[in-house]
1. Go through region 181-192 residue by residue and tally those that are surrounded by 18 or more Cβ atoms within 10 Å (Cβ to Cβ) and under 30 Å from residue 239 (Cβ atoms).
2. Does region 30-42 contain any residue that is in a strand (DSSP E or B) and touching a strand residue (DSSP E or B) at 6+ places or on another chain (Cβ under 6 Å)?
3. Taking region 80-115, which residues are outside any loop (DSSP other than H, G, I, E, B) and surrounded by fewer than 18 Cβ atoms within 10 Å (Cβ to Cβ)?
4. For region 326-344, which residues satisfy the criterion of being within 12 Å of residue 297 (Cα to Cα) and either assigned by TED's automatic domain parsing to the domain that holds residue 275 or modelled with pLDDT under 90 (or both)?
5. Provide a single number: the residues in region 307-325 that are at pLDDT 90 or above, assigned to a strand (DSSP E or B) and touching a helix residue (DSSP H, G or I) at 6+ places or on another chain (Cβ under 7 Å).
6. Looking only at region 357-379, count how many residues are in contact with a helix residue (DSSP H, G or I) (Cβ under 7 Å, 6 or more places away or on another chain), at pLDDT 95 or above and surrounded by fewer than 20 Cβ atoms within 10 Å (Cβ to Cβ).
7. Considering only residues of region 156-180 that are touching a residue at least 40 places away in the same chain (Cβ under 8 Å) and buried (at least 20 other Cβ atoms within 10 Å of the Cβ), which is farthest from residue 244 (Cα to Cα)?
8. Residue check, residue 11 against (1) touching a residue at least 40 places away in the same chain (Cβ under 8 Å); (2) closer than 27 Å to residue 143 by Cβ, all met but one. Which one?
């Protein structure tokens, strides 16, 4: 079987000066084969690397003169980014299994690829790795990884993920830690399954791997209304959410006393369910868990405060509706009230949009579909413009592929999205009112 090498589509910089050309194939760097971007990114930064290239029926060896850390200058073909490995688990709480029909096709994929965890910060379970994978992760310094631990109790993890290989998580993490790999951990918590004493054990065993284990986030299980034929799982109650928060915050005190870091975090959603104020973090570790909804509310409030310190334009006789998920309603209303105090004449109405597509237990703004906004807002006075959350859009489309323009036409009002945090939202609203003055 012929070996397949990575095609060079363009050569520049040090590699071109050494003789590399478009059309060559990259066989190896310093004697190591190059399978994908993980190998290339690690090996190409070496000082004066030796390349073996194949082209026109022969191979040749080049020494590329460059300092360590300087890019080679090669552009490689699409083979550099191979298809993602798929998930081999059958988790009781899998969100993809609860996906309604008619959504964007990419939402139905179950990826679980450690390489793209490095590239895109995806969370992976490690259940589809073999010894060669672990050796390559360590050899290439593929760090940090984001790992879905869920729990360290082997029996409970197997039962949660329905995969016998899930039992190996703690030895796998210990192996990565010995190899100098850093990782952030998450646990999707199911009430009465991997919280309580199981969570306490998970926290204790993961913290033994600090500082290789950088942070941990507890996230409540996401449940849609499309669970026909799936295991019965109930959402967290306020009391159960408070218990999780108490467990995590008690551990934060222990961790801070031991290393000066909080280490463990409960997702903002737990505080929302519990009806407790969102924590305001002063240490930066939570930034590693922003994708899990940890500290997003703290970041938003800090951004709003920063924006309100700036000089703001005078208000315009305008009415703007801000639509969001039910979880963020109070946060957005708090911002709107503060902003209206500074911009007299501008009215900001905040609308909480129930998620009828996934079910009303799904409260985050990022999972709202165009049809949800339409159903909640059709026929209601929306004023001069409707602002929708930027996180609900990708390429100007909602998850159900409705576009902003289509929603605007259906509602009869301009639909605007403002990217960024609380600071950007305040600034964006100010720009909107300034533009309205000029019309």
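1. Here the count works out to 8.
2. No, because not a single residue in region 30-42 is in a strand (DSSP E or B) and touching a strand residue (DSSP E or B) at 6+ places or on another chain (Cβ under 6 Å).
3. Our first condition is that a residue be outside any loop (DSSP other than H, G, I, E, B); within region 80-115, this holds for 80, 86, 96-98, 105-108, 111, 114-115.
Residues satisfying the conditions are 86, 96, 97, 105, 106, 107, 108, 111.
4. Those that are within 12 Å of residue 297 (Cα to Cα) and either assigned by TED's automatic domain parsing to the domain that holds residue 275 or modelled with pLDDT under 90 (or both): none in region 326-344.
5. At the first step, the residues of region 307-325 found to be at pLDDT 90 or above are 307-309, 319-325.
Next, from what is left, pick out any that are assigned to a strand (DSSP E or B): 319-325.
Within this subset, residues satisfying the condition of being touching a helix residue (DSSP H, G or I) at 6+ places or on another chain (Cβ under 7 Å) are 320, 322-325.
Here the count works out to 5.
6. Selection size over region 357-379: 2.
7. Once the filter is applied, the top-ranked residue is 176.
8. Only one criterion is unmet by residue 11, namely (2).
The values are calculated or read from the model by the stated rules, or taken from the named source; none is laboratory data. Here the structure is a predicted model, which is why all the values come from computation and not from measurement. Glycine gets a Cβ as well: all are built from the backbone with ideal geometry, and neighbour counts include every protein chain shown.
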